[in-house]
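Read the structure below first, then the notes.
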Amino acid sequence: MWWKSASFILDKSHNLENDAVPPDSIAAVSPPPLTVSTAAAPQQNPNFQRNMSMSAYYQTRAAHHGVVTSDWLAQAQEAAAATAAVDGQEEGGDGGGGSGGRAFSVIEEFNNWRKQPDLAEAVAAIRALAAVIRNSEANTMMELEIELKKASDSLKSWDTTSISLTAGCDLFMRYVTRTSALEYEDFNSAKSRLIERAEKFGEISYKARRIIAMLSQDFIFDGCTILVHGFSRVVLEVLKTAAQNKKVFRVFCTEGRPDRTGLRLSNELAKLDVPVKLLIDSAVAYTMDEVDMIFVGADGVVESGGIINMMGTYQIALVAHSMNKPVYVAAESYKFARLYPLDQKDMGPALRPIDFGVPIPSKVEVETSARDYTPPQYLTLLFTDLGVLTPSVVSDELIQLYL
């Protein structure tokens, strides 16, 4: 049953019937109730309190390249918007915020949103920043912008190693405040405009995963074998959508050391009745002959078109490149960061404890970095909510996002 096709990217006509399958409704997102015990104490990252050497990192148009057409992207966005009405009704209430006379805390709001397992950390930050505007008592636009900037800086300092958190806050600030009309309106109208843009940006970010899943379906063909590394919510959404579209495929999951996130992804796929095989990380080259494509997520997409992701992604891409296997990246646009790493050490460390199961002598040094950088020449395509991009187009999209 498991066959290979060298031209599967171009051979999409037999899958067109599956494109009309509507996605399942996205679950409602509303923050859990605030707890009184967290209101008085300063809100800081608990991981840094326990161990300062441990990062909280893992808590939780290419038109001129002819990769994707505007019609195709519009269809994917329309499919993702099928649940927009339901989301709008379920999210219609306030997003949490201070209540009961207590002072509003952006970190507290952020932590409430983070309790939802399916909500990305960057989206939680975006929701928290939107709540800052709603709960602001500022009387002028300048005061509101200063308050919003302080809240954004507080979230970014919560975990300085999180690329998506920093990029999400920066993009939110630029998207929400990017309108010259605010200079000519009264303050109440300007604040309403900011709230509207904030909620719109939050909605766009929340639906990004669904859009990516719809765009990727033409690249998954019946009988293919897909290699995935670690746990990625957006990659899981891609595979889940393919299973719902009745596509026949199997998945190889790496263990994903040091936190073994591949075990979690394999469990989720087993619940979907998708044939899945668990591999130790060092068996990637051994099994690459059986693989048709690689799907990975990204903690950050940098200006060069490369990605920063969990440790092991770089070596998988190297092996895949040497054996002519396509490497696909699924990443939301709020992970596009203004970074340009030149090598593996040219980025802030994100550390994770490693349990080898046996005592390690004190004189033995252990590499605890939790992520690596994969250069763009080893990547084939990036599936984003902006479209399907080649790595060379990423810099153009970054310019449009941050201008």
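Every number in this text was worked out from the coordinates using simple rules, so none of it is lab data. If you're wondering where the values come from, they're calculated on a predicted model, not measured in any experiment. Glycine gets a Cβ as well: all are built from the backbone with ideal geometry, and neighbour counts include every protein chain shown.
Listed values for the range 248-254 are Karplus-derived 3J(HN,Hα) couplings in whole Hz (6.51 cos²θ - 1.76 cosθ + 1.60, θ = phi - 60°), namely 9, 7, 10, 10, 9, 10, 6, and x replaces Gly and Pro. The alpha-carbon of residue 191 sits under 22 angstrom from the alpha-carbons of these lysines, leaving out residues fewer than 8 places away in its chain: 149, 150, 200. In the range 266-403, the DSSP beta bridges split such that about 60 percent are antiparallel, to the nearest 5. For the range 226-372, a simple Cβ point-charge model (Lys and Arg +1, Asp and Glu -1, everything else neutral) yields a dipole of about 420 debye relative to the Cα centre. Its alpha carbons considered, the range 229-273 gives a radius of gyration followed by a Dmax of 10.3, 33 Å.
Amide H contacts of residue 252 (H built 1.01 Å from N, in plane; Pro and chain starts excluded): 226, 227, 228, 277 sit under 5 Å, all sequence-distant by 5 or more or on other chains. Expressed to the nearest 5 percent, the antiparallel share of DSSP beta bridges inside the range 206-351 is 10 percent.
Per-residue 3J(HN,Hα) values for the range 236-246, derived from phi via the Karplus relation 6.51 cos²θ - 1.76 cosθ + 1.60 with θ = phi - 60°, read 4, 5, 4, 5, 5, 5, 4, 5, 5, 7, 6 Hz in sequence order (x marks Gly and Pro).
Loop only by DSSP, 10 or fewer other Cβ within 10 Å of the Cβ. Give me the trypsin sites (Lys or Arg not before Pro) in the range 275-373 that pass, ordered by residue number. Spell out each step's value before the answer.
Numbers: sites: 277, 335, 338, 345, 363, 371; in loops: 338, 345, 363.
Hits after loop and neighbour filter: 345, 363.
Across the range 296-371, C-alpha contacts under 8 Å between residues 6 or more apart give a mean separation that, scaled by the residue count, equals a relative contact order of 36 percent.
Label sites at residue 346 and residue 369, each approximated as a point 7 angstrom past Cα along Cα to Cβ, lie 1.3 nm apart. Selection among 254, 285, 238 by position relative to the dipole of the range 235-290 gives 238 as farthest towards the positive end (Cβ unit charges, Cα centre).
For a test of understanding, tell me how many lysine pairs in the range 261-403 have Cα atoms under 30 Å apart, given they are 8 or more places apart or on different chains. The result is 8.
Each residue of the range 306-317 was assigned a 3J(HN,Hα) from its phi angle through the Karplus curve 6.51 cos²θ - 1.76 cosθ + 1.60 (θ = phi - 60°); the sequence is x, 10, 10, 8, 4, 3, x, 5, 4, 5, 5, 5 Hz, with glycine and proline shown as x. Relative contact order (percent) for the range 196-336, with alpha-carbon contacts under 8 angstrom and 6 or more residues of separation? After rounding, I find 25 percent.
Along its three principal directions, the equivalent ellipsoid of the range 316-403 from the Cα gyration tensor extends over semi-axes of 31, 17, 12 Å, largest first.
Can you give the net charge of the other residues whose Cβ lies under 11 Å from the Cβ of residue 162, counting K and R as +1 and D and E as -1?
Values: positive: 156, 335, 371; negative: 121, 159, 299.
Local net charge: 0.
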